[in-house]
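Here, each number is a calculation from the coordinates, and none is a lab measurement. Since the model is a prediction, treat every value here as computed from it, not as a measurement. So basically every Cβ, Gly included, is an ideal-geometry build from the backbone, and we count neighbours across all protein chains shown.
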Amino acid sequence: MKWTEQQIPRQDGRVAVVTGANTGLGFETARLLAERGASVVLAVRDMERGKLAAARINGDVSVRELDLTSLESVRAAAAGLRATYPRIDLLINNAGVMYTPRQTTRDGFEMQFGTNHLGHFALTGLVLDLLLPVPGSRVVTVSSVGHRIRAAIHFDDLQWQRSYGRVAAYGQSKLANLMFTYELQRRLAAHGTTVAVAAHPGISNTELTRNSPAVVRRPLTWLAPLVTQPAATGALPTLRAATDPSVLGGQYYGPDGPGEARGYPRLVTSSPDSYDVSVQQRLWVVSEDLTGVRFPVGRAAVAA
């Protein structure tokens, strides 16, 4: 059976925080969760666009400012969530940038690594104790097929200061999303309530490609109807990871079509590099040092 939005269970009484929810995959994720009864927080950088998005959603929706390029903003957003909600059931780390020219965040991190990985790492650590007591709570982080393309964790030049390739930098950030998920799940396993899951949308028709080089963007524009899928379909792997009762911690969901480019969500596997436990743990320590955020879950023992 194809897993569609019809399989999303009722979400009444649950609180879901979705980053980057004013457009594209995040908007569709937030919309469907709200329609199923969840109280959804649109965590967005642009409050005006967030309010316009909220007005298009039927259900209990609020908007909160979150700029993942600023650790100050991340801390402020986390503090606001903590002051407003006694619990969070779903944290969906969806927001991201792709193929940006060489830029840095306000804290001096390379833009793609800082936004896609470090911003979400910090946010998760700052609100995780609101999820830990909640049975069935989940942290869902959105990765990409790009985690396979020229992707490695460049500990000797994480911020791409010596040389910069926008495709490789994006690949690093999306590989980091997966490694974060797998290491987080190991740390959560001892608690028995919250789980960490990853998903990817395949090749979806969203604004994410706006920074792609012209040599990539123009063919995508012409071929979009043939090679991409609508954002509503691209959001389904995230929604399955967030709501399917059969999902287990540490799993990864993506489209079931050829190359995982299009289709309905199913359990998939990530690249061999993404399962390297020693690199996952080293990345975790580096991420804690860079963000100054410590998680309320300790390092798990790893079987020999």
For the chain, calculate the relative contact order in percent as a whole number, restricting contacts to Cα pairs under 8 Å that are 6 or more residues apart.
-> 18
Please give the calculated 222 nm ellipticity per residue for the chain, where each DSSP H segment of at least 4 residues contributes -39500 (n - 2.57) and the sum is spread over every residue; nearest 500 deg cm²/dmol?
-> -11500 deg cm²/dmol
DSSP bridge orientation in segment 11-291 - percent antiparallel, rounded to nearest 5 = 15
Using a ≥ b ≥ c from the Cα gyration tensor of segment 253-293 (square roots of the eigenvalues), is it rounded, prolate or oblate, where a/c under 1.5 gives rounded and otherwise the larger of a/b and b/c decides, a/b for prolate?
-> prolate
Using the Karplus curve 6.51 cos²θ - 1.76 cosθ + 1.60 with θ = phi - 60°, work out ³J(HN,Hα) for each residue of segment 288-298 in order, rounded to whole Hz, and write x for Gly and Pro.
-> 4, 5, 5, 8, x, 9, 10, 8, x, 9, x
Gyration tensor (Cα only) of segment 11-291 to equivalent ellipsoid, semi-axes in Å sorted down, yields 25, 22, 19
Do any trypsin sites (Lys or Arg not before Pro) in segment 7-94 lie in a loop, going by DSSP, with at most 14 other beta-carbon atoms within 10 Å of their beta carbon, and if so which?
-> ARG10, ARG56, ARG87
